[in-house]
1. Can you compute the charge dipole magnitude of the chain about its Cα centre, using +1 on each Lys and Arg Cβ and -1 on each Asp and Glu Cβ, nothing else charged? Give it in debye, rounded to the nearest 20.
2. Based on DSSP, what percent of beta bridges with both residues in the chain are antiparallel, to the nearest 5?
3. Would you mind calculating the gained length between Trp314 and Lys337 on full extension (0.36 nm times residue separation, minus the Cα-Cα distance), in nm to one decimal?
4. Using mean projected area of the Cα convex hull in nm² as the read-out, say which of [x] 18.1; [y] 20.8; [z] 23.7 was calculated from these coordinates.
5. As an exercise, identify the trypsin sites (Lys or Arg not before Pro) in segment 281-364 lying in DSSP coil whose Cβ has no more than 15 other Cβ atoms within 10 Å.
6. Helix 116-125 versus the longest principal axis of the chain: what is the Cα-based angle in degrees, 0 to 90, to the nearest 10?
7. Considering only protein heavy atoms and a probe of 1.4 Å, how much of the accessible area of segment 287-327 is carbon and sulfur, as a whole percent?
8. Give the residue list of GluC sites (Glu not before Pro) in segment 15-115 that are DSSP loop and have at most 16 other beta-carbon atoms within 10 angstrom.
Amino acid sequence: MNGTDASPVLPYLFAGPCSAESYQQIEASALFFKKWEAAAKGIARITAIRAGAWKPRTRPGCFEGFGEQALQWMQQAKARHGVAFATEVANAKHVELCLRYGIDVFWIGARTTANPFMMEEIGQALKGCPQPVWVKNPVNPDIALWIGGIERLARHGKGLVGGIHRGFGLYDSRPYRNAPLWELAVEFKRALPSTPLLCDPSHIAGNRDYIGEISQAGLDMEMDGFMLEVHPCPDAALSDARQQLDFAAFEQWFSRLVFRNRDSAPAKMEQIRRLLDETDDELMQVLSRRMDLVRKLGNLKKEGNLSVLQLGRWNQVVERCTSSAKEKGLDVDFVLKLLNCIHAEALRVQNEIVEKRPGGSSGS
């Protein structure tokens, strides 16, 4: 095991306890993953054992990690077993200590990613360092903030900088701990196609019962690997006990993953895709025609000194379209999201028209 070799199946696989809790725990993890790799016979390997030295908590008084002592445990296990370790860093001091103890891989937590000042500080501390750094998405669904954090680190260090998709802390993300919002992971891959992206099923799920389905969804989104929490005795863990797998469950987890073929599509799929392209063109034409009508309505509202939002009319549109969606077998939630996007753009366009003043100026 080391921090650079790639698995034939998964380019990257980080697994280990949420927090480093004792040398015995770290030793047990190292021994298990070495044994698992040997049994896998080259099919899979661990990029590095993940273990948190520091655990930033929402409120004080909770277990917050053993800090430098945890780094000592990892250093000892690395020297004894030849395994690589990864841990979370949240400031420049963390980076300096990790470098002192020979930690192989760093990751940045969701709270830290949301703070550009901290990301810049960490980037400065990593200046010229070869260690790979993985950046979790911020808690709020702000993809620009996520990408910006990666860019800040990439301009300072010499090692790989990748992303970790760990879901987003929305108000209602049931049944998961965090809403997956896979569409933002897709946007990340589109914006940074050469940057590897991992799935963190432990933090998305928040419950070990859902880790398998989240992991498979991540694979189906063509993610490049996983960061997974695995503990010798999860129920006794000092942090995130419910979302950690034990060693036997980890072996089952990996054995049940289905790896899809990412090669080019068969001819029948290409035919359907051409039809989809034609349908998309039709959609663009319909949307263009609708926005023309929106602008005409905006001008009439301006002439009549009418408010842009006509709530009664909007309720009629929603009721009519959702009823039609049901008749056509469409998912109503999807249709509502689509309608809200279209309506938001219509309001924006009409507000520009109504607020525009003679001579081209607009109101504040």
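The values are calculated or read from the model by the stated rules, or taken from the named source; none is laboratory data. Just so it is clear, the model here is predicted, and its values are computed rather than measured. No Cβ is skipped: glycine too gets one built from the backbone with ideal geometry, and neighbour counts run over all protein chains shown. Protein only, heavy atoms only, side chains kept; ligands, DNA and RNA dropped before computing areas. Shrake-Rupley method; radii C 1.70, N 1.55, O 1.52, S 1.80 Å.
1. Details: 45 positive and 43 negative charges, 106 e Å.
It comes to approximately 500 debye.
2. Numbers: 2 of 27 bridges.
In the chain, approximately 5 percent of DSSP beta bridges are antiparallel ones.
3. Details: separation 23, 0.36 × 23 = 8.28 nm, distance 1.40 nm.
In short, 6.9 nm is gained.
4. [z]
5. Details: sites: Arg289, Arg290, Arg295, Lys296, Lys301, Lys302, Arg313, Arg320, Lys326, Lys328, Lys337, Arg348, Lys356; in loops: Lys328.
Within segment 281-364, the qualifying trypsin sites (Lys or Arg not before Pro) (loop, at most 15 other Cβ atoms within 10 Å) are Lys328.
6. Taking the Cα atoms of the chain, the angle to 116-125 is about 30 degrees.
7. Values: 1630 of 3150 Å².
Accessible surface attributable to carbon and sulfur in segment 287-327 totals 52 percent.
8. Numbers: sites: Glu21, Glu27, Glu37, Glu64, Glu68, Glu88, Glu96; in loops: Glu21, Glu64.
For GluC sites (Glu not before Pro) across segment 15-115 that sit outside H, G, I, E and B with at most 16 neighbouring Cβ atoms in 10 Å, the list reads Glu64.
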